[in-house]
1. Roll a 1.4 Å probe over the protein heavy atoms and report the accessible area of VAL34 in Å², nearest 10.
2. Share of segment 16-125's accessible area from carbon and sulfur, percent, 1.4 Å?
3. Pull up all non-local amide H partners of GLU36: gap of 5 or more, or a different chain, and H-to-H distance under 5 Å with H placed in the peptide plane.
4. Starting from the eigenvalues of the Cα gyration tensor, five times each then square-rooted, give me the equivalent ellipsoid semi-axes of the chain, largest first, whole Å.
5. Would you pull out the residues with amide H under 5 Å of ILE303's amide H, same chain only if 5 or more places away, H placed 1.01 Å from N?
6. Please list, in order along segment 32-41, the HN-Hα scalar couplings obtained from phi with the Karplus expression 6.51 cos²θ - 1.76 cosθ + 1.60 (θ = phi - 60°), rounded to whole Hz, x for Gly and Pro.
7. Give the ranking of GLU124, GLU129, GLU302, GLU96 by solvent-accessible surface, highest area first, calculated with a 1.4 Å probe.
8. Would segment 72-129 count as rounded, prolate or oblate if I go by the C-alpha gyration tensor, calling it rounded below 1.5 in a/c and otherwise prolate when a/b exceeds b/c, oblate otherwise?
Amino acid sequence: MAGTRTLSKYWMLTNDFTQDPYPILEYVRRESPVRELSMPGGDRVWVVTRYDDAKDALADPRLSRDIHVHYELMSKRTGRPMTPPPEEANHLANLEPPRHTPLRRAISFAFTPRRAEALRPRVEEIADELLDRLAATPRPDLITGYADPLPVITIAELMGVPADAWPDFLRWSAALRTYSPTDGSGVLDRSIQELSTYMSELIERKGREPGDDLLSALIHADPERRLTGTEILSTGFALMTGGNDTTASLLGGVMAALLTHPAERSQLLAEPGRWGKSMDELIRYVGPISNALQRVTTEPVEIGGVTIPAGEVVVISVMSTNRDTDQFPDHPDRLDLDRHKPAHLSFGFGIHYCSGAHLAKVITEIGSRRLFERFPAVSLAVAPAELRYEQNVVVRPLKELPVRLR
Ligand code: HEM
């Protein structure tokens, strides 16, 4: 039982945790809500599990997301100097003020909820095409055939990437997804190089011939909001790396939740107007983000009564906060579509709050709604207990979601 167990020092890295993290997180929240975790190489990180502590930590400027601070720490720990690649070093998700501020202003101006809403008809067309293809396969898997490609193609469309390049985008995204530090095949480096070359050419072309897309809006912004070429390229990477796997993890999780909650599924299908209102509860319940969000302390910081020294890695477990009874007192382990405005932290909090939150909701709503509208009898092809999650430090994707469509 979680209440009496002694947790291993690698507690968050075990397969038990990957498959069913919530009883372990409940125990940690109660017993030692800011808890150490050992990494296989011997380093330690600090895990913050309570909602209030997490919210404070996300708003605290002494906890840095700056990729240079993270690389400096890794260099110090390994004794090998390391610098981040330019694609990763120049976008808002990996920087703090003052560099974060103009990048955030530019993207907030160009990537509005209105732009995300305008994509609705395209998302629906792309979803339907993918579903047609799935219906023609003998053993349809909603992860590889649907949840994975739908965000990739939608984000490519958002950036104004022409359809003939979508197969390359799917290939590059798959390479980014299967990245492993021990993989010596060079597939990741090659994919980043190809993607970078493609995006640089696309940015140049849109400089000459703007379209009605996000990249063109960033390139042709007013001078006070204009980014450099490197910053625009890096922002393109941020949209792909920040949006693809996260949305795939959420969409897969929402479809699985509704396949196993027939009453909630019927409610949503009977009243399509409820999808929008139910989305935050679905996100809270599914928890698409796993062992993230990561920060490094730039000076000693007290969190939840524990003083964390400077130069330490802190993991803010938003997955844990989603089930914290102090914040969600009414059966947080239950999917309750009537829960009043659940203020989950799955999109973060503070200055790094997700820029793509609205688009993620649009993709997830349309993706799941079209599945259940097109195939009202769709059902799991395995027992719910057989569903397995992949181990991943940022997101929580299902390995497979095999279904019978009819
Ligand atoms: C379910 C889907 C998604 C989830 C759960 C999610 C979650 C998050 C979270 C938690 C953060 C804050 C990270 C931190 O504070 O460490 C974030 C930031 C960000 N997300 Fe998302 N995201 C999703 C989809 C998207 C999409 C679709 C896009 C764009 C197409 C996107 C773009 C970004 C960007 C650019 C940032 C950085 C914002 C900043 O640093 O100012 N995300 N996201």
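The values are calculated or read from the model by the stated rules, or taken from the named source; none is laboratory data. Quick caveat: nothing in here was measured; it's all calculated off a predicted structure. Every residue, glycine as well, gets a Cβ built from its backbone with ideal geometry; the counts of neighbours run over all protein chains shown. Note: accessible area is taken over every heavy atom of the protein model, side chains too, but ligands, DNA and RNA are not part of it. Shrake-Rupley method; radii C 1.70, N 1.55, O 1.52, S 1.80 Å.
1. 10 Å²
2. Carbon-and-sulfur percentage of accessible area, whole number: 53.
3. Amide H to amide H, under 5 Å and 5 or more residues apart or across chains, GLU36 pairs with VAL47.
4. They are 31, 30, 20 Å, listed from largest to smallest.
5. Here ILE308 satisfy the definition.
6. Coupling constants for segment 32-41: 7, x, 10, 10, 6, 9, 8, 9, x, x Hz.
7. GLU302, GLU129, GLU124, GLU96
8. Taking the square roots of the gyration eigenvalues as a ≥ b ≥ c, segment 72-129 is oblate.
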